[in-house]
1. Quote the FRET efficiency, to the nearest 0.05, computed for residue 78 versus residue 98 with a Förster distance R0 of 25 Å and r equal to the Cβ-Cβ distance.
2. Among 92, 127, 4, which residue has its Cα furthest toward the positive end of the charge dipole of segment 3-149, with +1 on Lys/Arg Cβ and -1 on Asp/Glu Cβ?
3. If the only charges are +1 at each Lys and Arg Cβ and -1 at each Asp and Glu Cβ, what is the size of the charge dipole of the chain around the Cα centre, to the nearest 20 debye?
4. Which order do the peptides 132-140, 53-61 take when ranked by the mean count of other beta-carbon atoms within 10 Å per residue, highest first?
5. Under the 0.36 nm per residue contour assumption, what length would be gained going from the current alpha-carbon distance of residue 28 and residue 129 to full extension?
6. Provide the convex hull volume over Cα atoms per residue for the chain, in Å³.
7. Full extension from residue 57 to residue 69: what is 0.36 nm times the residue separation minus their Cα-Cα distance, to one decimal in nm?
8. Working out 0.36 nm times the residue gap between residue 141 and residue 112, then minus their Cα-Cα distance, what length gain in nm do you get to one decimal?
Amino acid sequence: MSATTALRAAVASGDLAEIERLVVADKRSVRALLGLTYHADPALRDTAATGLALAARHHPDLVAEVVRRLVWAMNDESGTNAVQGPAVMRRIAEVAPALLLPVVPDLLRLTSDPGLRDELVAVVRRVAELRPGEAAMAVRTGIGHCVKGGAAHAV
């Protein structure tokens, strides 16, 4: 069985220990997990998002790149659909909140989109709860960007 097939089977069964084992064994699993966050089945999407969060423990640079790409995909200018982005970031916030600190200003700016607002505010709040000292500056920077753009929202 290929690594991708094994990963898909582990995600489908919800076997988080196996997902983490496969992620440790092959960093390409990060890309496969990201792809699965677009799956039609909500439970599978959720498990894949949790898998990405687990991957952050072992491949933080790769998961940071996933975060950067999701932020871009949530921008209207990207022309893509990252409807799963907030859910993925929520999972990452639980395991590796430091990976989200650099994008907190972007997440706050994206709260001007009513479809993203509630989930992204929840992500930023969670990062702030887990990394209060570091998050304070990022939140202040983000609010400053929002105010300059005329789209400030309470966090």
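Each reported figure results from applying straightforward, stated rules to the coordinates on display, with no laboratory input. All values derive from a computational prediction rather than experimental measurement. Methodologically, a virtual Cβ is constructed for each residue, glycine included, from the backbone with ideal geometry; neighbour enumeration extends over all protein chains shown.
1. Working: r = 25 Å, r/R0 = 0.99.
With a Förster radius of 25 Å, E is 0.50.
2. Farthest towards the positive end: 127.
3. Numbers: 18 positive and 17 negative charges, 49 e Å.
It comes to approximately 240 debye.
4. Numbers: 132-140: 14.9, 53-61: 19.0.
Taking the mean over residues of other Cβ atoms within 10 Å, the ranking is 53-61, 132-140.
5. Details: separation 101, 0.36 × 101 = 36.36 nm, distance 3.10 nm.
Here the segment from residue 28 to residue 129 would lengthen by 33.3 nm.
6. Working: hull volume 15.7 nm³, N = 155.
Spelled out: Cα convex hull of the chain, divided by residues, is 102 Å³.
7. On the way: separation 12, 0.36 × 12 = 4.32 nm, distance 1.86 nm.
Fully extending the segment from residue 57 to residue 69 adds 2.5 nm.
8. Details: separation 29, 0.36 × 29 = 10.44 nm, distance 1.57 nm.
The span from residue 141 to residue 112 would gain 8.9 nm if fully extended.
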